[in-house]
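Could you have a look at this structure, given as structure tokens, before my questions?
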Amino acid sequence: MCQLTKDELREKYLTRRRETPAEHLALWSARMERNALAFIEEKGYDTVMLYAAFRGEPETVGLIRRLLHEGRRVALPKCYKGGRMEAFTITDIEQLTPGAFGILEPPEECLLPQKEQSLILVPGCVFGKNGGRIGYGGGFYDRYLPGCEAAVRVGLCYSFALLEMVPREAFDAKMDHVITENGVVNIL
């Protein structure tokens with residue numbers, strides 16, 4: 001059996017995402033948001049780091065608004081040259097402005113220390129039920145997540161991008177769960 005490389009898997013699933021009708025992605029994102037909210041409420045997370053969706057990623061604007069409305073501490077990443085990433089809290093979604101790569105980022109006002117993070121919702125191209133994740137190749141999350149030892153790591157992805165297994169190297173950050181439009185998958 002021929003195994004695809006990380007780059008081949010990334011391209012295959014990014015192409016599939018681009019070719020999926022926007023209305024399907026929107027419907028799946030709404031279901032994923034409900035699943036994520038149920039997970040957050042069930043586990044009682046009060047601090048959540050998540051991302052601003054970009055180029056067809058599962059949408060997060062509604063989730064950000066809802067978490068802020070519920071009074072939870074919400075943080076988003078800000079990327080810097082050299083592959084460094086930090087998380088800053090926001091109190092209003094209007095605080096987000098285009099940053100690196102055109103992705104909405106928070107202002108550099110309220111740094112959320114890595115040790116204070118309890119839940120991190122992670123973007124990616126492809127996730128595996130083995131805890132593997134293939135991002136976009138920049139390594140931002142793979143460098144950032146090891147400093148968040150106490151945080152639960154949850155990938156958000158469309159079910160078509162959740163595989164049984166994706167290649168993992170020693171430096172690849174492992175996920176604890178993956179949330180799709182179909183529910184929560186616990187990683188063994």
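The values are calculated or read from the model by the stated rules, or taken from the named source; none is laboratory data. Just so it is clear, the model here is predicted, and its values are computed rather than measured. Glycine also receives a Cβ, built like all others from the backbone with ideal geometry; neighbour counts cover every protein chain displayed. What goes into the accessible areas is simple: the full protein's heavy atoms, side chains included, and nothing from ligands, DNA or RNA. Shrake-Rupley method; radii C 1.70, N 1.55, O 1.52, S 1.80 Å.
When DSSP assigns beta bridges and you keep just the ones with both residues in the chain, what percent turn out antiparallel, to the nearest 5?
50
Of LEU76, PRO167, VAL185, which is farthest on the positive side of the dipole of the stretch 43-188, counting Cα position, with +1 on Lys and Arg Cβ, -1 on Asp and Glu Cβ, and the Cα centre as origin?
It is PRO167.
Suppose a student asked you for the relative contact order of the stretch 36-188, using Cα pairs under 8 Å spaced at least 6 residues apart; what percent would you report? Intermediate results must be reported in sequence, preceding the final value.
Details: 315 pairs, mean separation 31.4, N = 153.
This gives 21 percent for the stretch 36-188.
Hey, another quick one. To the nearest 10 degrees, how steep is helix 22-43 against the longest Cα principal axis of the chain, on a 0 to 90 scale?
Taking the Cα atoms of the chain, the angle to 22-43 is about 60 degrees.
Roughly how many Å is it from the Cα centre of the stretch 146-183 to that of the stretch 1-66, as a whole number?
11
Based on the alpha-carbon gyration tensor of the stretch 98-139 and its eigenvalue square roots a ≥ b ≥ c, which shape applies: rounded if a/c is under 1.5, prolate if not and a/b is larger than b/c, or oblate?
In terms of gyration-tensor shape, oblate.
Probe 1.4 Å, all protein chains in place: accessible area of LEU111 in Å², nearest 10?
100
Run a plain Debye calculation on the stretch 78-119 (Cα atoms as equal point scatterers, no solvent) and give log10 I(q)/I(0) at q = 0.16 Å⁻¹, rounded to two decimals, same order as the q list.
For the requested q values the scattering log ratios are -0.43.
Sort the stretch 98-188 into rounded, prolate or oblate with this rule: let a ≥ b ≥ c be the square roots of the eigenvalues of the Cα gyration tensor; rounded if a/c is under 1.5, and if a/c is not under 1.5, prolate when a/b is larger than b/c, oblate otherwise.
prolate
With runs of 4+ DSSP H residues as the only contributors, calculate the mean residue ellipticity of the chain at 222 nm using -39,500 (n - 2.57) per run, divided by the residue total and rounded to the nearest 500.
Calculated from helices alone, the mean residue ellipticity at 222 nm is -8500 deg cm²/dmol.
Against the longest alpha carbon principal axis of the chain, how many degrees, from 0 to 90 and to the nearest 10, is the axis of helix 6-19 turned?
70
Related question: Testing the spin-label approximation: label points 7 Å from Cα along Cα→Cβ at GLU94 and GLU108. State their distance in nm.
2.4
Given axes a ≥ b ≥ c from the Cα gyration tensor, I'd like to know whether the chain is rounded (a/c under 1.5), prolate (a/b larger than b/c) or oblate.
rounded
Oh, and also: Length gain on complete extension for the stretch ARG168 to ALA22, per 0.36 nm per residue less the alpha carbon to alpha carbon distance?
49.5 nm
Which value, in debye to the nearest 20, describes the size of the charge dipole of the stretch 55-182 about its Cα centre when Lys and Arg Cβ atoms bear +1, Asp and Glu Cβ atoms bear -1, and nothing else is charged?
Using only the charged Cβ atoms, the result is roughly 200 debye.
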